[in-house]
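The values are calculated or read from the model by the stated rules, or taken from the named source; none is laboratory data. Predicted, not measured: the structure shown is a model, and the values here were computed from it. Please note: Cβ atoms are built from the backbone with ideal geometry, for glycine as well, and neighbour counts cover all protein chains shown.
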Amino acid sequence: MSTDRSNIRVDLSLDEIPKYWYNILPDLPEPMPPPLDPSTKKPISPEALFAIFPKSLVMQEVSTERFVQIPDEVREIYARLGRPTPLIRASRLEEHLKTPAEIYYKYEGVSPAGSHKGNTAVAQAYYNMKEGVERLVTETGAGQWGTALALATAFFDLKCRVFMTRASYNQKPYRRIMMELYGAEVFPSPSSMTEFGRRVLKERPDHPGSLGVAISEAIETVIKDPKSKYSLGSVLNHVLMHQTVIGQEAKMQMAMIDRNPDYVIGCVGGGSNYAGLAYPFIQDKLNGKLAAEFIAVEPTAVPSFTRGVYAYDFGDTAGLTPLLPMYTVGHNFVTPPIHAGGLRYHGKAPSMSILVKNSIIKPVAATQRDVFEAGKTFSRCEGIVPAPESAHAVYMAMEIAKMCREKNEKKVILFNLSGHGLLDLGGYGEYLSGALPENCEPKSFAFEDLPMMI
């Protein structure tokens, strides 16, 4: 096993913050099916989306331009939020696992909001501000996205309303407080603030909430207020594109230490943090320049990739969004209240679904207890407490490292540590006390409610 520590942390200078976002759409192995109007089942026009999104972001969503320039104002705030973020070698974890593999992680938890989500929150707030929008409305699972958008709207003097899934609202009160400190209004979802929320509560007063329900509440709010726009933290292509600053930085950092990854790993809910790391490397794979394996890790509680189907489905529970082509367990699936709230989404990003469909990305699922066990081990070896979402990536990186030990293979493992878990200690407390449920694997899904198969 190598004892060389010269590459334990790889940093870039501020002028190496990427100047462009990478758009993977032109490089996909097959064309991505278009979103459909649910009433006609015909491709929806970009203009139809202007009611809920600013025009500039809609144009980014449908763009086939491979590289989109990042505005200087956005790059300046990226620097304030800790970009470029460090690439760190997990050498103590390597020693603990007795593996010949080298394990590296891109650490996005250095930002004030604590996760990668600011990469798109800042961009979305900027473009909305430029078009005169007064308020952004969104949903959040564990709270990382809501926190990032609350901070971004504060930077650009916008109002912010957040519908937070009820299970996370109760499990993670300090994330709510952070959002409120940044100036956001935060409501548990399902809430009494919307017609759809009241209907859900009437049918099931103890509903734990889901990202699908919270999205419906956010969109209903926007439709009724012409001064508001909807902001999404994952799934759509412009969101994933904004995150590619992560992978572009990682490519530069790996080149600085003369390494190429053999494995690129990340957790997946909607897909934004994994796309942010993986897509720039997948571009090299598609061009024949890289032979890495790409592994996306989801919870067994919401196994959209590993047990879902590829179909057209609504992005929300109420059916207010266009139909999106994606792997899904059904928009009416009630996601179990696991602590990795950011992964409690019924569907996956359409672009990433194409890559899974074509076996370029391999999906795997992990149980909640295995994930928290990996988070504990990583904390004791590296000192960083990973968010439960990010601990899915930690778990799989450790599994690959153990495989390398058994095969005596010196591979390079890269994963995205997309956020810290300092506001998730309640979940870790349940794990340490033995109260954490072993498995939340569902027995059935909502496939019968899918509007249209592909």
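Residues in region 41-79 that are among the basic types (Lys, Arg) and either out of contact with any Pro (no Cβ under 6 Å at 6 or more places or on another chain) or outside any loop (DSSP other than H, G, I, E, B) (or both): 41, 42, 55, 75.
Taking first residues from region 391-405 that are closer than 17 Å to residue 367 by Cβ and partners that are assigned to a helix (DSSP H, G or I) and not small (Gly, Ala, Ser), the Cβ contacts under 6 Å between residues at least 6 apart in sequence or on separate chains come to 391/371; 392/371; 394/378; 395/370; 395/371. Residues in region 124-140 that are assigned to a strand (DSSP E or B) and among the hydroxyl-bearing types (Ser, Thr, Tyr): 138, 140. Inspection of region 222-232 identifies at least one residue that is of a type in the set (Ser, Thr, Tyr), touching a residue at least 12 places away in the same chain (Cβ under 8 Å) and within 18 Å of residue 74 (Cα to Cα). For the residues 155, 196, the requirement of being more than 17 Å from the chain's Cα centre (by Cα) and at pLDDT 95 or above singles out 155. Pairs are defined by a Cβ separation below 8 Å, a sequence spacing of at least 6 or placement on different chains, a first member in region 268-290 that is assigned by TED's automatic domain parsing to the domain that holds residue 419 and under 21 Å from residue 83 (Cα atoms), and a second member that is among the β-branched types (Val, Ile, Thr) and in a helix (DSSP H, G or I); the pairs so defined are 272/120; 272/239; 273/246; 276/245; 276/246; 277/246. Looking at region 89-123, which of the residues that are hydroxyl-bearing (Ser, Thr, Tyr) and part of a strand (DSSP E or B) is farthest from residue 152 (Cα to Cα)? Of everything passing the filter in region 89-123, 104 is farthest from residue 152 (Cα to Cα).
Out of region 83-115, which residues are surrounded by fewer than 20 Cβ atoms within 10 Å (Cβ to Cβ) and more than 21 Å from the chain's Cα centre (by Cα)? Matches in region 83-115: 92, 95, 96, 98, 100. In the set 73, 108, only one residue is under 27 Å from residue 260 (Cα atoms), in contact (Cβ under 8 Å) with a residue 12 or more places away in the chain and acidic (Asp, Glu); that residue is 108. Filtered by the rule that a residue be surrounded by 24 or more Cβ atoms within 10 Å (Cβ to Cβ) and either under 14 Å from the mean Cα position of the chain (by Cα) or of a type in the set (A, V, I, L, M) (or both), region 116-132 gives 116, 117, 118, 119, 120, 121, 122, 123, 125.
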